[in-house]
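Report on the following structure.
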Ligand code: OAD
């Protein structure tokens, strides 16, 4: 089976009703990114940051994977698929994708403030215990925090994602403005002869030298068209 690697961003989940960040009406118009999504912001005001992610997490049970997520999962009928996502929701998993790498963490997980990337500190939150509170402790006794990669923090999963990108026979980018590194740099690891597809209703600033086919549609319609192209 050919190896197909997909990089997804907030646009992938837009049709499920989750706001993107940089579109008009997006999350970064309502919140200052340096306050709610940076390590400095967390150190300054942990409660604000914890509550911001509590709100995002409470939204999860109210949304469902869109047709686009389902079609990404269906690609496994024809390809060996790895999804590399910048999204912290669990909609790819809920749609049935088997290999999902979360570059920016996962909303449904919590970890320790002292050693956020130590696997023994990471715990999965449950529907009965969705919120994190000030005073909740991780296994090492430090404040429990969201398992999210904030600006100013290392992105430990990027190495595994780069390995996948290097082995890709087909590379697909869905719903990301490619503003945030190192995620946006993953394309540099893809071999120059590999076909690259972009699914996004808007033009995206594309800095890599790779040629790509732009399917200028939303995630669901765009995935439908991609499957027709790849399987005909
Ligand atoms: P952005 O909000 O920057 O970009 C969203 C992209 O999705 C844009 O290119 C839109 O045109 C596109 N889009 C909108 N609706 C769509 C639809 N229905 N179908 C397909 N595409 C659609 O979001 P990201 O690029 O994911 O990180 O942002 C990257 C990172 O910046 C996030 O992971 C987050 C944020 O700050 C952290 O918080 C660490």
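Every read-out reported here was derived from the displayed coordinates using simple, explicitly stated rules and does not represent laboratory data. Remember, predicted model here, so these are calculated numbers, not experimental data. Every residue, glycine as well, gets a Cβ built from its backbone with ideal geometry; the counts of neighbours run over all protein chains shown.
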Overall dimensions of the stretch 115-232 as given by Cα atoms, namely Rg and Dmax in Å: 18.7, 56
Fraction of beta bridges assigned by DSSP in the chain that are antiparallel (%, nearest 5): 25 percent
Linear extension gain, residue 34 paired with residue 124, 0.36 nm per residue minus alpha-carbon span: 29.8 nm
If each residue of separation counts as 0.36 nm, what is the full-extension length gain between residue 1 and residue 211 once their alpha-carbon separation is subtracted? 73.3 nm
Between the stretch 1-72 and the stretch 135-197, the Cα center-to-center distance that results, in Å: 14 Å
Whole-percent tail of the Cα-Cα distance distribution for the chain, cut at 26 Å, equals 36 percent
The computed P(r) of the stretch 56-194 puts the percent of Cα pairs beyond 27 Å at 27 percent
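How high is the FRET efficiency from residue 117 to residue 64, r the C-beta distance, R0 25 Å, rounded to 0.05?
0.25
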For the stretch 65-193, share of DSSP beta bridges that run antiparallel, in % to the nearest 5: 75 percent
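Could you give the length gained by full extension between residue 77 and residue 166, i.e. 0.36 nm per residue of separation minus their alpha carbon distance, to one decimal place?
29.9 nm
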Could you tell me how many degrees, from 0 to 90 and to the nearest 10, lie between the Cα long axis of helix 219-231 and the main elongation axis, the longest principal axis, of the Cα atoms of the chain? 40 degrees
Out of 157, 12, 108, any idea which swings most in a Gaussian network model of the chain, alpha carbons joined below 10 Å? 157
Mean separation of Cα contacts under 8 Å, 6 or more apart, over the residue count of the stretch 75-149: relative contact order %: 29 percent
Counted neighbours (other Cβ, 10 Å), sorted fewest up, put 112, 208, 191 in the order 191, 208, 112
Quick calc: nm separation of the 7 Å Cα→Cβ label points for residue 227 and residue 136 -> 3.6 nm
